[in-house]
Amino acid sequence: MKKCVVIGGGFAGLTAAAYLSNSGFQVELFEASPKLGGRAYSFYDNESGSIIDNGQHIMMGCYKETLEFFKLIDAENNLLYQKRLRVNFLKENFNLIPTKTFPLPYPLNLILGLLNYKAISISDRLLFLKFFLKLPFVSSNSLNDLSVFDWLIKENQNENIRKAFWEILAVGALNTNIKKTSASTFALILKEIFLKGNKSATIILPKFGLSETYCNSAVDFIQKRDGKINLLESVENLQINEKRIIEIETSKRKITDFDFVISTVPFYAAKKMIPQLKYPNGFEPQYSSILSVHVWLKENKLKEDFYGLINSPIHWIFNHHDHLTLVISDANELTEKSKEEIFELISDQLKLFVGISKDEILNYKIIKEKRATFIPSKEILSNRPDSKTEITNLFLAGDWINTGLPSTIESAVKSGSIAANHIIEITGN
Ligand SMILES: Cc1cc2nc3c(=O)[nH]c(=O)nc-3n(C[C@H](O)[C@H](O)[C@H](O)COP(=O)(O)OP(=O)(O)OC[C@H]3O[C@@H](n4cnc5c(N)ncnc54)[C@H](O)[C@@H]3O)c2cc1C
């Protein structure tokens, strides 16, 4: 039986380990931290007595690889699926603008949904629709030199449309200012979401805390197939001889009994762990932060599961009923502010948008994820490394490798599956 070592226990590592153990490999996974999940995990918060996520994660119907992974590990029922796309946008003073697709055949349902978007004027809706009608004919290559902002301006998407729709969608999906992100990636995402049928545009949420939603099922799946998972054991060094890894040094031991290695750690960690590895010229990702504020209220009057806020520094409010999670993407500047300053900002916005005053807030917790996602600039996207490396028994995975997708769960899962498949193909398992 061939043995494969997987380094890192986020979505990419768990996916690679699950696919390999399912194909009869002996798998051993090393995770440096005390928990699995990487940048997508949950934990018990002593102060509030609740399980909370490090940050709200949403998936979409177009997350094909992710949904297959959930099916493989028997965790499909841990997700909440929308039947049809529905997003509640919110303007100041609890001005709710529910937006949904209609129960009509695709794409008529989507077109009507867009035409009914009451956050913008009728003439702006027509400009908006025109953009969507052109989308199937847009080639991503033609957008290579444009930012999302440039593209929207070129297509007459004025400030109202940008603020009421595009910025919420683009900043949510890419976690970066639309002036910094490549239009070609955004076009690709829009096509995946809006041009692939009814289900693709629907939103999928974790039913439980993230760890319970997928980490526990992945662990069961891997362990039932004799896989080993080591927590609190980081890989420190890989010894390479004649283009093969011959020894792995962890924080606890040295290992030589393996055939293949998949590294799923983020780029900055991979550079430290395998300094010998060469990356395409110009590949040096910059990162963007996400700030999550969990808020417990005396009484929660919000009814919907989530809201997209128009013209607010808070992009989304997720309603977990026992508490709210406020999400601020593209938050590099805000993460430098103090807890008190952040609380002032979010309490002002809660008052303004949903009428919740400061004295209704029982408790709050701020989580700053400084390197939440890499910034999908043109330079980075055109230089992403492939999974195969010059070291013959080493494969790379992680949301940053060349999956064609931005820094998302779907990219991480796809990368794990690509790396596992390379090994399965080589060995003919
Ligand atoms: C707050 C937040 C919100 C997000 N929201 C969304 C969303 O709504 N939708 C979406 O699709 N994506 C979202 N993302 C992005 C998504 O979480 C990531 O793209 C994905 O989790 C990356 O998975 P990964 O396995 O590639 O990397 P990671 O999750 O970073 O996993 C890498 C693992 O490697 C471990 N490691 C590092 N060095 C070593 C070493 N030397 N030895 C052993 N282990 C090591 C790390 O501890 C970590 O567990 C969000 C991210 C954040 C932070």
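Nothing in this text is a laboratory measurement; each read-out follows from the coordinates by a stated rule. Note that the structure is predicted; figures quoted are calculated from it, not measured. We place every Cβ from the backbone using ideal geometry, glycine too, and count neighbours over all the protein chains shown.
A compact table of results
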| quantity | calculated |
| --- | --- |
| Sorted by Cβ neighbour density within 10 Å, fewest at the top, the residues MET60, MET273, MET1 | MET1, MET273, MET60 |
| Rg over Rh, two decimals, region 287-374 (C-alpha only, Kirkwood Rh) | 0.95 |
| Two-decimal ratio, region 1-143, of alpha-carbon radius of gyration to 2.2 N^0.38 Å | 1.47 |
| At q = 0.13, 0.14 Å⁻¹, base-10 log of I(q)/I(0) for the chain (Debye sum, equal scatterers on each alpha carbon) | -1.19, -1.35 |
| Net charge, ILE248 excluded, C-beta distance under 13 Å - Lys, Arg +1, Asp, Glu -1 | -2 |
| DSSP bridge orientation in the chain - percent antiparallel, rounded to nearest 5 | 70 |
| Pairs from LYS388/LYS414; LYS100/LYS179; LYS207/LYS358 whose Cα-Cα separation, in the structure shown, is over 24 Å | LYS100/LYS179; LYS207/LYS358 |
| Highest-first arrangement of 257-265, 157-165, where packing means the average Cβ count within 10 Å | 257-265, 157-165 |
| Hull volume in cubic angstrom per residue (convex hull over the Cα atoms of region 1-72) | 106 |
| Pairwise Cα inverse-distance average, inverted: Kirkwood Rh of region 135-247 (Å) | 18.3 |
| Relative contact order of the chain, pairs being alpha-carbon contacts under 8 Å that are 6 or more residues apart, as % | 25 |
| Within region 383-429: Cβ-based charge dipole about Cα centre, in debye rounded to nearest 20 (Lys, Arg +1; Asp, Glu -1) | 20 |
| Residue exposure sequence - GLU333, GLU31, GLU92, GLU233 - by fewest surrounding Cβ within 10 Å | GLU333, GLU92, GLU233, GLU31 |
| Region 324-429 pair-distance distribution - Cα-Cα, 5 Å bins, rounded % | 2, 10, 16, 14, 11, 10, 9, 9, 7, 5, 3, 2, 0 |
| Extension gain, LYS228 back to ASN281 (0.36 nm per residue minus Cα-Cα distance, nm) | 15.5 nm |
| Computed Kirkwood radius, in angstrom, where 1/r is averaged over Cα pairs of region 184-233 | 14.1 |
| Two-site FRET efficiency, ASP220 against SER121, from Cβ-Cβ distance with R₀ of 60 Å, rounded to 0.05 | 0.70 |
| Under the Debye formula (equal points on every Cα, no solvent term), log10 I(q)/I(0) of region 233-387 at q = 0.14, 0.18, 0.20 Å⁻¹ | -0.81, -1.01, -1.16 |
| Peptides 303-311, 180-188, 406-414 ordered by average Cβ neighbours within 10 Å, highest first | 406-414, 180-188, 303-311 |
| Quarter of the Cα convex hull surface for region 197-286, i.e. its orientation-mean projected area (nm²) | 10.2 |
| Hull volume in cubic angstrom per residue (convex hull over the Cα atoms of region 102-197) | 91 |
